[in-house]
1. List pairs: first in the stretch 72-92 and on the phi < 0 side of the Ramachandran plot, second loosely packed, with under 10 Cβ neighbours inside 10 Å and among the basic types (K, R), Cβ under 9 Å, 6+ apart or cross-chain?
2. Residues that are modelled with pLDDT of 90 or more and of a type in the set (D, E, K, R): which strands (runs of 3 or more DSSP E) entirely in the stretch 1-89 hold 2 or more of them?
3. Does the stretch 51-69 contain any residue that is under 30 Å from Y89 (Cα atoms), among the basic types (K, R) and without any contact (Cβ under 8 Å) to a residue 40 or more places away in the chain?
Amino acid sequence: MHNAFISCPAGITKYALDRHVEMSCEYVDVIDGGYDLKAKDGGTELRLSTRFINKSQLKTYGDLWCKMVLNDFHQSILSLIKNCAKQRYQQQQ
């Protein structure tokens, strides 16, 4: 199951992100993102995805850089979700 969301930079206040982070900029436009849920080993696997347009002159390098940054972002979000889920589960025990 894939659930998508559309980026709306105008709806994000300047205080929601670090000063150096922008949803879209001179070099990259974030198109959309989403998540997939998949049954796995008796549980559920959650995967995040983000589509972007690389507008830089350095296409290969820019693509690699964007994928690396987005992967790091996705891993941070997934780690946060996992930790929150573990805490909630432990509180219910």
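The values are calculated or read from the model by the stated rules, or taken from the named source; none is laboratory data. The shown structure was predicted, so the numbers you read here are calculated from the model rather than taken from an experiment. Positions of Cβ are backbone-derived with ideal geometry, glycine not excepted, and every protein chain shown enters the neighbour counts.
1. none
2. Values: elements: 2-6, 28-40, 43-54.
Here the list reads 28-40, 43-54.
3. The answer is no; no qualifying residue exists.
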